[in-house]
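This report concerns only the one structure given below.
The values are calculated or read from the model by the stated rules, or taken from the named source; none is laboratory data. Every value quoted in this text rests on a predicted model; they were computed, and no experiment measured them. Don't worry about glycine lacking a Cβ; one is built from the backbone with ideal geometry, like all the others, and counts go over all protein chains shown. Surface accessibility is based on the protein's heavy atoms, side chains included, excluding ligands, DNA and RNA. Shrake-Rupley method; radii C 1.70, N 1.55, O 1.52, S 1.80 Å.
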Amino acid sequence: MRSFRTALALLALAASPLAAQTNYEAVDPFIGTGGEGHTFPGAVAPFGMIQLSPDTDATCEIRKCYSHAAGYRYEDTTIQGFSMTHFSGAGHSDLGDFLIMAIGADTALEPDAYRSPFSHATEQAQPGYYAVTLDKPGVRAELTASTRVGVQRYAFQSGPARVVLDLRSSLYDYPGKILWSSVRVRSDGTITGMRETRGWAPARKLYFAIRPNAPLKAHAFLDREGKVPYRGFQGPSRGAENAAQLAGRSLVATLDFGQLGKPLELKVAISSVDEDGAIANLDSEAGDFDAIRAKSRDAWTKVLSAIEIDAPAPMKKMTATALYHSMIAPSVFADADGRYRGPDDQVHQGKDFTFHSTFSLWDTFRAEHPLLLLTQPDRRNLDFVQSLLASQRVSPFGILPVWQYHGRETWTMIGYHAVPVIADAYLKGLRGFDEKAALDAMVASASYGPYGGLDHYMKLGYVPIDKEPEAASKTVEYAYDDWTIARMAAAMGKGDVAAAFEKRAGNWRNSFDKASGFLRARKADGSFRTPFDPTAINYGSDYTEGNAWQYSWFVPQDQAGMFAMLGGDAAAVKKLDAMFDFDNSKIDYSHAEDIAGLIGQYIHGNEPSHHVAYLYNYAGQPWRTQERLKQIVESQYQPTPQGLSGNDDLGQMSAWFVFTTLGFYPVAPGSNEYAIGRPFLDKAVLNLPNGKRFSVVAEGLSDANPYIGAVTLNGRPLPRSYIRHDEVAAGGELRFTMQAKPNRKWATGKAARPFSMSPYR
C-alpha cells in the first residue's frame, strides 16, 4: 500500500500550482459535505450571522435528518433551495430558515415541484461564495455572504425572473414545528417577515428582510394550512396601498420580477429582534453581489492568514480547510445596533461586545476554543467570553450555556464546559471582562443541583447511575471542569474557591474501578452497576456517546493518577495499545449514529477519544504518540467530500487536525501546556494575536522519517514532550528533526512529561 505522504506527493505533482496557493485559494468547502462530516459548502463570512447554503433535503423525516444536519449532502442529486442558516458539522439538525429557490413560470408551490437536479460539475465553492447550475429552471445560482447579509444571484436563461420563498421548510422537520410565520411586501418593495419554530431549541423567533435589485411585478402568498391565497401586484402606480401581508403556520410566497435582462439579486438579512432589526442589518452592509463577495473574500483572506502553511498541496488543502471550518462558529447573533434575543427570550442590548451564539461546548472546549485563542484577535475571543457571561446573567437557571444556538438553550450533551473555555482564556492572559463575575458564574454553574445530577455529585462525590443517566461520563467531565475552576480561582488569589474545587477535581477516582481498570457507573449505595461490558454503547446508559474504553481515559487533569491506578506507565501503555488494536469484528455499532472513525475502540469521529493518542507522552513513550497520530491522520482525514470520519462538530474535528499538523495539542485546556505530537507540515508560521510570529519547522519530514529525532526551541534543545503557552505566545521557532526510527531517549523522564494534577515534577 502506498504511504500517505507518498500519495499526497503524487497528487501534488498532478496539481503542483496548488502548493503556491494562498490559504484562501487552498480551502475546499466540499470537504466534509459527504459521509458523516455534516459540513455545508455555502457562503458564510468568518463567524457570520448568515450561513447561506443549498439544502438538498429540507423536508427529511426526523429519523433521516441526521445525515442532512447541515442541509446539504454531497451524495444527493437535487437541490430544494437555498436557506439562510445552517450548522457546520453538528450532530443534530435544525435551522434552514427562509428557503428561497428559483422557479419556472408555471412551477407548483410544492417542495418536490421546485426541487431541481444539479451536477457537481457545475458547482463552485470558495470561502464566502457558492455557485451551481439548477437544471430544471435553467438558472445559474450564486451565493455570497458578509457578516449580517447574504446575497443570492440568479441568472435566468429564459422566461421571467421568479422565485419562491418557503417559510414552511425547515431542517429537522416535523408536523407542528412551525408555530407561526408572516410575510409582507412593504411599499418600497422590501419583503419582510418572521417565523417562530419549536425545534431543537424552544420557541425560536427569527425575522428577515429581503431587498431585490429589481421591482416586483407580481407576488402571491399562500397559507397551505389554511388554504388562504393572496395575490397582489407591485408597481410604482400602486404605492403604499399595495403593501400586503399574510400570517399563518404554513406560508409560501412567489415573487415575480418579470423579464429583467440582467441577473436577479436578492439581498437578505436576518434578526432575532424584529423586522426593523433585519432591515437595519441590510442597511449596515452596503453593496451589490460583487461588492459583498469581495468584502467576504478580503475577510477570509485576512483570518486564514493566521497560519502560514508550507506543505504538499493536498495536505495544505486539508489544513487550510480545517482552519476555515474552525472559523465558522461561534457565530455573530447580534444586530448591527448590538441588540439580540437571549436565553430568556427577551431582547437585550450588547454593550462593548458583540453577542455570539452557536456554542457546541461539549465538543469545542477541547481544541476549537484553544485554537481560536491562537488564531483570533483578543477582541473576538473576548466577545465569546462576554457572550457566555451575558447569557448566564439572564438565564432562567443562572447557569452558563450548555449547547446554545440563536440565543436559546438546547440542554444537549453534558458537563458545564463553558467553564474551561473561560478559564483557559483567562489563564492564557485574556482580559477585558469582569473576572470576578466570571468566576461567580462558573461556580454557579457547577453548583446548580437540579442540573445533570449535580446535587448527587456534590453529596456523594460522583453521579449515581440509579439517579441520573450517563453517570460515569458526567462524573469525570464535572471533575475536569471543577479543576479548571480551581486553576482560575488560584490565579485570582481566591484560595478558598481553589481548594474546594481542587478537591472536587479528584472525584474521578470515585467512579474508577481499579479492579477492572475502567471507569464505571456506580449506584447511590456505592456499588458498581452490573453487568458490565466495556464495549457497550447505548445512549442514555452509563456513558455519553461512548463506552468505558473511551471514557476511562478522560482524566486530562490527572493522567498520572489514572496511570497509577492502572498499575503504572507500562500498564497504561499496554492498555492504550489494547484500545487501538481491539478487534471490533463481532461488535455492531450501527445503532449509534455518532460512532464513526473507529480504530479498535478508539473513536476519532467523536470527541471523548480526541486526546487519547497523546497519552503515550504521559507514560514516557512519546514515539508511540507519533505512531498513533500518523495512523489517525492517514485513516481519518482526506481532501475529499468524504474526508471527515465524523461530524466536524462546529470545528472541533478540524481544530484537532490543525493542532496535530502543527505538532502539538491542548490535552488539558487550563494547564497552559500543549503536548507535543509530531508535525505533518514542512513549515508553519502562526501569526499570533499579539503580533508575534511562532514558526514550526520539520526538517527531513517524509514518509521515510515519521519520528521525532530531536526538538529545539529557539535554537536550544527541548528535552520535554510539551511546550508552554507562554513560549508560543512569545514568538520564536519550534524545530523538529525527523528521522526513520524512534528516538526512545527523548522526553521519557517524568519531569519531561506534560502536566498532571498528581505531582511528579
Item to complete: For residues that are among the hydroxyl-bearing types (S, T, Y), at pLDDT 95 or above, under 20 Å from the mean Cα position of the chain (by Cα) and more than 18 Å from Q376 (Cβ to Cβ), tally how many sit in segment 613-664.
Response: 4
Worksheet item: What are the pairs, 6+ residues apart or on separate chains, where a residue within segment 746-759 that is assigned to a helix (DSSP H, G or I) and among the small types (G, A, S) has its Cβ under 6 Å from a residue that is open to solvent by 40 Å² or more (accessible area, probe 1.4 Å) and modelled with pLDDT of 95 or more?
Response: A752/P719
Discussion item. If the requirement is being over 23 Å from Y405 (Cα atoms), open to solvent by less than 10 Å² (accessible area, probe 1.4 Å) and of a type in the set (G, A, S), which of these qualifies: A322, A313, A291?
Written reply: A313
Worksheet item: Which residues, taken from segment 726-745, are open to solvent by 20 Å² or more (accessible area, probe 1.4 Å) and not aliphatic (A, V, I, L, M)?
Response: D726, E727, G732, E733, R735, T737, Q739, K741, P742, N743, R744, K745
Discussion item. Could you go through segment 673-683 and let me know if any residue there is in contact with a Leu (Cβ under 6 Å, 6 or more places away or on another chain) and either closer than 24 Å to Y426 by Cα or open to solvent by 40 Å² or more (accessible area, probe 1.4 Å) (or both).
Written reply: yes
Worksheet, complete the sentence: Of those in segment 190-213 that are open to solvent by 10 Å² or more (accessible area, probe 1.4 Å) and part of a loop (DSSP other than H, G, I, E, B), the residue nearest to L260 (Cα to Cα) is N213
Practice prompt. Answer yes or no as to whether R408 is charged (D, E, K, R), open to solvent by 20 Å² or more (accessible area, probe 1.4 Å) and either modelled with pLDDT under 95 or under 20 Å from S447 (Cβ atoms) (or both).
Written response: no
Discussion item. Just checking, does segment 57-70 include any residue being open to solvent by less than 30 Å² (accessible area, probe 1.4 Å), part of a loop (DSSP other than H, G, I, E, B) and not hydrophobic (A, V, I, L, M, F, W, C)?
Written reply: no
Fill in: Single residue of segment 145-175 satisfying the filter (open to solvent by 10 Å² or more (accessible area, probe 1.4 Å) and in a strand (DSSP E or B)) that is nearest to F355 (Cα to Cα)
R153
Fill in: Criterion violated by E142 - all others in (1) among the acidic types (D, E); (2) within 28 Å of K262 (Cα to Cα); (3) outside any strand (DSSP E or B) satisfied
(3)
Discussion item. Filter segment 76-135 down to the residues that are at positive phi and either without any contact (Cβ under 8 Å) to a residue 40 or more places away in the chain or touching a His at 6+ places or on another chain (Cβ under 8 Å) (or both) and list them by number.
Written reply: G89, L95, G96
Practice prompt. Looking only at segment 414-443, count how many residues are of a type in the set (A, V, I, L, M, F, W, C), open to solvent by 30 Å² or more (accessible area, probe 1.4 Å) and either in contact with a Phe, Trp or Tyr (Cβ under 9 Å, 6 or more places away or on another chain) or free of Cβ contacts under 8 Å to residues at least 40 places away in the same chain (or both).
Written response: 1
